[in-house]
Amino acid sequence: MTEADLIKGLIARDSDAWKALVEQYQILVYNVCYGFLQNSHDAQDLTQDIFIEVFNSAHKFRGDSKLSTWLYRISTNRSLNFIRNNKKWRFWKELSAFFSDDEIDGNQQSEEPFVIDEKIEQQERSRFLYQAISDLPDNQRIAFTLHKIEDLPYAEIAEVMNVTLPAVESLMHRAKVNLRKRLTPLLK
Amino acid sequence: MNCKTFEEQILDGIDINKDPSGVKALEEHLAQCSSCSAFHQVVQSGSESMVSGRRSMNDPELFDKIQHKMMDLEREDSSTRKPAVKIVRIGAPFSMAAASVLLGIWLGGQILTFTAQPAQETASVGTTPELYALDIHLNDESSEFIESYLSGN
C-alpha cells in the first residue's frame, strides 16, 4: 500500500489501512516515545494513544509533509505533554529506578560483585545524562533527542518542528552548550 | 585543544571513519584528563543505555490492543454521557417549578405592596398642618372631607 493509498484509507476509516499504518509505523512511534520517556510501559501506552489520535484525526492531515513526519510530530508532542501532565511521573520513575537497583542486588549471587558495581555505575551515568536532557528547554530537547537518539537529519527535524534549518542548527548548538553546563558540575 | 573542545566533540560523537586523527587526539586527552574521561563515560554509556530499550521488531498484538482500548474509551464515553442526559431530563421540570415559585413570590410581593401603600403614606404625615396638607394622599370620601377641612383652615 502506497502512502497516498494509506492516507486515503485512513480518511475513509478503512480498517485495512488502519492496520497497515500500525504495522508500518509502530516501531517509529514507540521509539520516539521511549526516547523521551525512557520507560517501556509508558511508551507502550502512549503508542496506543497516539494511533487512536491518528485514527480520529486522519482527516486533518493535509498531506503537505510525509506521513512519517506527521507521526514524528504527534509522537513528540504527545510525549512532552505526557511528561508535563503527569506531575507524579518523575517521582514514580525515580521510585522504579530505585527498585530496579534492588533487582540488581537480588541477582548478586549469580554475578561477580564488580559486574554489579559496573551495572550500578552505568545506570547512574544514564540517569545523569537523561536528567540533563530532561532539564533542557523543550525545543532544544526535541532537536537533541530526535538527532542523537532517533538519528534524524537536521532537515527532517526542521520539518517535524516546523522551523528552518538554521534554527535547528542553533537549537542543537545551544542544547550541547547547556548539556555541557549541566553535566560538568555533576561529575565534580 | 582544551577540555571544552573535547567535551563538545564527545557530545557530537566523533565518527571514527570520518575523523580518525580527531579520535586519536581525544583518546590521548582522555588518558590524562580525569574530568573529560568521566564526561566521556557519562555521555557514552548514558547514550547506549538510553537507546537500549528501543524496539526493532513489531509487537504483533498492538493492533488488537489499540482496538480494545478504543472500545473501552467508547464505553467510558457512553457511560459518562448518561448522567448528563439525566440532568437534562430532570432539569426542565425542576427549572419550571423553580420559575413558578419565583413568580409566586413576585406576585405576592406586588399584592402586599399594593395593599400596604395607604398605611405607609399615612405614617409619613407631618405634624404641622401645611406639611400635613402637602404630604397627605387620599383615596376615599372621608379622607377627601378631612382634606378639604384642613385646606379651609
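The values are calculated or read from the model by the stated rules, or taken from the named source; none is laboratory data. The structure presented is a predicted model; accordingly, all values stated were derived computationally and were not measured. So basically every Cβ, Gly included, is an ideal-geometry build from the backbone, and we count neighbours across all protein chains shown.
Numerical summary
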read-out	value
Test: residue in the range A:131-141 that is surrounded by 17 or more Cβ atoms within 10 Å (Cβ to Cβ), within 15 Å of the chain's Cα centre (by Cα), modelled with pLDDT under 90 and of a type outside the set (Gly, Ala, Ser)	no
The lone exception for A:Asn81 - which of (1) within 27 Å of A:Asp135 (Cα to Cα); (2) at pLDDT below 95; (3) within 14 Å of chain B (Cβ to nearest Cβ) it fails	(3)
Tally, over the range A:159-184, of residues that are farther than 16 Å from B:Leu11 by Cβ and within 14 Å of chain B (Cβ to nearest Cβ)	0
Hits in the range A:29-47 (condition: surrounded by fewer than 21 Cβ atoms within 10 Å (Cβ to Cβ) and closer than 22 Å to B:Glu74 by Cβ)	A:Gln44, A:Asp45
Residue in the range A:30-48 that is nearest to the chain's Cα centre (by Cα), counting only those that are at the interface with another protein chain (Cβ under 10 Å from one of its Cβ atoms) and free of Cβ contacts under 8 Å to residues at least 40 places away in the same chain	A:Tyr34
Residue match in the range B:24-38 (condition: within 45 Å of the chain's Cα centre (by Cα), free of Cβ contacts under 8 Å to residues at least 24 places away in the same chain and either more than 9 Å from every other protein chain (Cβ to nearest Cβ) or farther than 21 Å from A:Ser126 by Cβ (or both))	no
